[in-house]
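Chemist: Before I ask anything, here is the structure I am working with.
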Amino acid sequence: MTSRQRREILRRGSALAVGGVAGYALSGNAAPEASRTPFNVAPTFIPIAGGGEFPVRRIYCIGRNYAAHAREMGSDPTREPPFFFQKPTDAVQNVPPGAIVDHPYPPLTKNYHYEVELVAALKSGGRDIPIDQALVHVFGYTVGLDMTRRDLQRAMGDEKKPWEIGKSFDHSAPLGHLQPVAAVGHFAKGAIWLKVNGQTKQNADLSQMIWSVAEQISKLSEAFELAPGDIIYSGTPENVGPVVRGDVMEGHIDGLPNIQVKVV
Ligand code: MN
């Protein structure tokens, strides 16, 4: 056997191994003996309006991006650089249009808050993305809720500890199906509101965002290398507040389907 033939056999062998692993992941069958993966972890997807699924890589959230909300959180809404936190990918809870999805009241909190937000989903990324190039990377948009255990967030903040437990827990990111930019365009203005049991709680305009989506992407890309599958929660307007079991939340942004979830 020539070395060239040996290389060809090795190449085919590795191609077969890759195919085997992919088949295992898709079928959910027991791992083949040769696999180095001992168990299956479900990937996270957001359905795309019109068909297909958007694979989620990371969830970024911007803090205090509306002046009146920054004030109600006790901070000065001058145009300081935006700050970001993350939620785990599997915090996603998909909310189909027209449905009312059950949303579990999380453990440990007695002050569970809604925050309605515009969510941008990226199809590409990079580092140090200029503002005027940023929107090229957006695949689509949807309405999201940045659900928050406010009492835990505040307690940790008071102690100068990470917010994690207040923001980054299971099911903390309900959102609607993604609407591709080709269908809905980009969002710089338009009403954003949230109702609880039909009563308006938050009501503002996207034009009141301190940092635009393009600026958010640009700033984020200075700190992190952005990539396809990243989604960005753009921050919430003022008048955040609590929900309890039985409450139905409805989130709205002009030009996107509403989302509805029921706290159970
Ligand atoms: Mn938020």
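The values are calculated or read from the model by the stated rules, or taken from the named source; none is laboratory data. In this text, all values refer to a predicted model and were calculated from it rather than measured experimentally. Backbone-built Cβ (ideal geometry, glycine too); neighbour counts: all protein chains shown. With ligands, DNA and RNA removed, areas are computed over all heavy atoms of the protein, side chains included. Shrake-Rupley method; radii C 1.70, N 1.55, O 1.52, S 1.80 Å.
Chemist: How charged is the neighbourhood of PHE187? Take every other residue with its Cβ under 14 Å from the Cβ of PHE187, and add Lys/Arg as +1 and Asp/Glu as -1. Numbers along the way, then the final one.
Modeler: On the way: positive: LYS189; negative: GLU117, ASP205, GLU215, ASP254.
Net charge around PHE187: -3.
Chemist: Note down, for region 3-263, the three equivalent ellipsoid semi-axes (square root of 5 times each alpha carbon gyration tensor eigenvalue), biggest first, whole angstrom. Show your work: numbers first, answer last.
Modeler: Details: eigenvalues 255, 95, 71 Å².
Over the Cα atoms of region 3-263, the ellipsoid semi-axes are 36, 22, 19 Å.
Chemist: Applying a 10 Å radius around every beta-carbon, put 190-197, 107-114 in order of their mean neighbour count, most first. Kindly include the intermediate steps, with their values, before the conclusion.
Modeler: Numbers: 190-197: 18.5, 107-114: 16.2.
Going from most to least packed, we get 190-197, 107-114.
Chemist: Can you send over the carbon and sulfur percentage of the accessible area for the chain, probe radius 1.4 Å, protein chains only? Walk me through the numbers on the way to the answer.
Modeler: Details: 7220 of 13350 Å².
After summing per-atom areas, the C and S share lands at 54 percent.
Chemist: Compute the separation of the alpha-carbon centres of region 206-232 and region 62-121 and state it in Å as a whole number.
Modeler: Between the Cα centres of region 206-232 and region 62-121 lies a distance of 15 Å.
Chemist: Any idea of the accessible area per residue across the chain, 1.4 Å probe, to the nearest Å²?
Modeler: Numbers: 13350 Å² over 264 residues.
Using a 1.4 Å probe on heavy atoms only, each residue of the chain averages 51 Å².
Chemist: Right, next: Based on the Cα coordinates of region 82-121, what is the per residue volume of their convex hull in Å³? List each step's numbers first, then the result.
Modeler: Numbers: hull volume 5.8 nm³, N = 40.
Convex hull of Cα atoms, per residue: 146 Å³.
Chemist: Show me, for region 245-251, the HN-Hα J-couplings you get by feeding each phi into the Karplus relation (A = 6.51, B = -1.76, C = 1.60, θ = phi - 60°), rounded to Hz, glycine and proline as x.
Modeler: 4, x, 5, 10, 9, 10, x
Chemist: Lysine pairs, Cα distance under 16 Å, 8 or more residues apart or cross-chain: how many in region 3-263? The partial results should precede the final answer.
Modeler: Working: LYS87/LYS167; LYS110/LYS167; LYS195/LYS262; LYS201/LYS262.
Within region 3-263, the lysine pair count is 4.
Chemist: Which value in Å is the Kirkwood Rh of region 85-186 over different Cα pairs? The partial results should precede the final answer.
Modeler: Working: mean 1/r = 0.0655 Å⁻¹.
Computed over region 85-186, the radius equals 15.3 Å.
Chemist: For region 216-232, in order, what is each residue's ³J(HN,Hα) by Karplus, 6.51 cos²θ - 1.76 cosθ + 1.60 with θ = phi - 60°, in whole Hz (x at glycine and Pro)?
Modeler: Karplus values, whole Hz, x for Gly and Pro: 4, 4, 4, 5, 4, 6, 6, 9, 9, 6, 7, 8, x, x, 6, 10, 10.
Chemist: Step by step: find N for region 135-264, compute 2.2 N^0.38 Å, then divide the Cα radius of gyration by it. What's the final number? Let's see the in-between values first.
Modeler: Values: Rg = 15.5 Å, N = 130, 2.2 N^0.38 = 14.0 Å.
Dividing the Cα radius of gyration by 2.2 N^0.38 Å gives 1.11.
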